[in-house]
1. From the residues in region 366-414 that are assigned to a helix (DSSP H, G or I) and in contact with a helix residue (DSSP H, G or I) (Cβ under 6 Å, 6 or more places away or on another chain), which one is farthest from W160 (Cα to Cα)?
2. What is the residue count in region 230-249 for residues that are within 19 Å of L156 (Cβ to Cβ) and surrounded by fewer than 19 Cβ atoms within 10 Å (Cβ to Cβ)?
3. Looking for whichever is surrounded by fewer than 23 Cβ atoms within 10 Å (Cβ to Cβ), over 30 Å from P399 (Cβ atoms), within 16 Å of the ligand (Cβ to nearest atom) and not basic (K, R) here; the options are V100, V107, V152. Which one fits?
4. Among the residues of region 22-41 satisfying the criterion of being crowded, with 24+ Cβ neighbours inside 10 Å, more than 12 Å from P56 (Cα to Cα) and within 16 Å of the ligand (Cβ to nearest atom), which is modelled with the lowest pLDDT?
5. Only one of V222, V213 is under 20 Å from I410 (Cα atoms), crowded, with 23+ Cβ neighbours inside 10 Å, in the same structural domain as G162 (by TED's automatic domain parsing) and among the β-branched types (V, I, T); which?
6. Could you please tell me which pairs satisfy a Cβ distance under 6 Å, a separation of 6+ or placement on different chains, a first residue in region 264-288 that is at pLDDT 95 or above, and a second residue that is of a type in the set (D, E) and assigned to a helix (DSSP H, G or I)?
7. Scan region 334-358 for residues that are surrounded by 13 or more Cβ atoms within 10 Å (Cβ to Cβ), at pLDDT below 95 and in a helix (DSSP H, G or I) and jot them down.
8. Being within 18 Å of H31 (Cβ to Cβ) and of a type in the set (S, T, Y) is the filter; apply it to region 110-144 and report the residue that is surrounded by the most Cβ atoms within 10 Å (Cβ to Cβ).
Amino acid sequence: MAKILDQPRYKCALAAMQTVQAITRALPILHCGPGCAEKLSGSVGSSGLYSPHIFPCTSISEKEVIFGGDDKLTETIENSLKIIDADLYVVLTGCTSEIVGDNVEDVVRKFKDNEKPVIYASTAGFKGNNYVGHDWILKAIFDQYLKNKKEVQKGLVNIWAGIPMHDPFWLGNLRELETLIAEIGLTPNTIYGFGRGIKNIDKIPEAEFNLLVSPWVGLESVKFLEEKFGTPYLHYPVLPVGAFETTKFLRAVGEYAGASKEKVEEVIQRKEEEYYYYIERYADVFLETRVMSKRFVVVSDASYSLAITKFLVNDIGLFPSKQYIVDDTPEEYREQISEWFKELNYGIQAEVGFSSDGHQIHQEIEAADFNGYPLILGSNWEKNLAKRTDAHYVNISYPVVERLIINSFIAGYKGGLKLIEDIYSVALTRFN
Ligand code: SF4
């Protein structure tokens, strides 16, 4: 029987052009049909220099499908170099150009002596979604742009976390991770957003290690850096949200980096004291069982489902219903991710389902017993479900269409407090 998938939670690999757009002064050049480009131009936010809605595209048509699109791509790259002043040009291929067999590598090679680098990444939608496309683009940059191993700088750490734009808190989280890493005496290096860009990409081979904060997205690219430059990586699967996980995170990173234990513990003590000062001030709200059921469900990608489940159990004392991961996590990672959901405080274990079928997920949530007003954290697709189940609902995952997130974040001690504010601001409206 044909299966119709509604409620998309991700886009095709070509949409990972957002990873390029997040790098200051990097420009995507799309080699695809106008329909692909039109669909993807709905992105929100760029690194600030170029509009996310304006980018060069070959807009290939029947002519290129029949005779090949190499000439059109050559012309589009030439014109982009003339008209748009960028530091890095990244050609991205869509389905059509790959199916007709355009030789993009050869076309891009013609520009190898250009003053500004021109590289390419294969991002046809039929090969995967934008979570895997993100890794393909990073690997293309590391492979084709970065050339030589450099002298390692003690304490320099490349940080990789949520995928740009698609993860609504990607930039704020990254900045907060930078802040936390700097507090324990390390030097963070990130490539996205204001004040970063090519100069920070150039520093990648100088790092002492790569820090990947994600259950699976990004693993391919840090492994690639290990192979190419011999840079080791620390794979920390849980985005730390709130005090319990952030303290664990700081200890793990500090130990891996050989940072001063006294320094790490001093930072933790200071941060925890401040965090619990705020929690204690509002403890009566959290203990008011009338406000919210003790049960919650998260419908998001592996990173947020895992991170928020840990936070709501370990810091807030809520109980997980079945949790959902909707990013089409590759099979090879699923068993390990499910195990991480069992490592919760108070002996609690969460069941997790991997599915991108919104209809099935909603049916299961509607059938679950929450014993009160449920708490649903998910995407805009969960909004109507929340109405039907009389739930409290917080939009934390793509698609996010009803809130503007500029640079706020949920990572770290401060991010945990922000998420509590978001959740209880919704819950309290029912009674006030
Ligand atoms: S799946 Fe293929 S055809 Fe569709 S938007 Fe993506 S690249 Fe274009």
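The values are calculated or read from the model by the stated rules, or taken from the named source; none is laboratory data. Bear in mind that the values here come from a model prediction, so they are computed numbers and not experimental data. All Cβ positions, glycine included, derive from the backbone under ideal geometry; neighbour counts span all protein chains shown.
1. Only one residue fits best here, namely L385.
2. Residues meeting the conditions: 4.
3. The match here is V100.
4. Filtering first and then ranking leaves L40.
5. V213
6. So the pair list comes out as V267/E183.
7. Once the filter is applied, which keeps residues that are surrounded by 13 or more Cβ atoms within 10 Å (Cβ to Cβ), at pLDDT below 95 and in a helix (DSSP H, G or I), region 334-358 yields only G358.
8. T123
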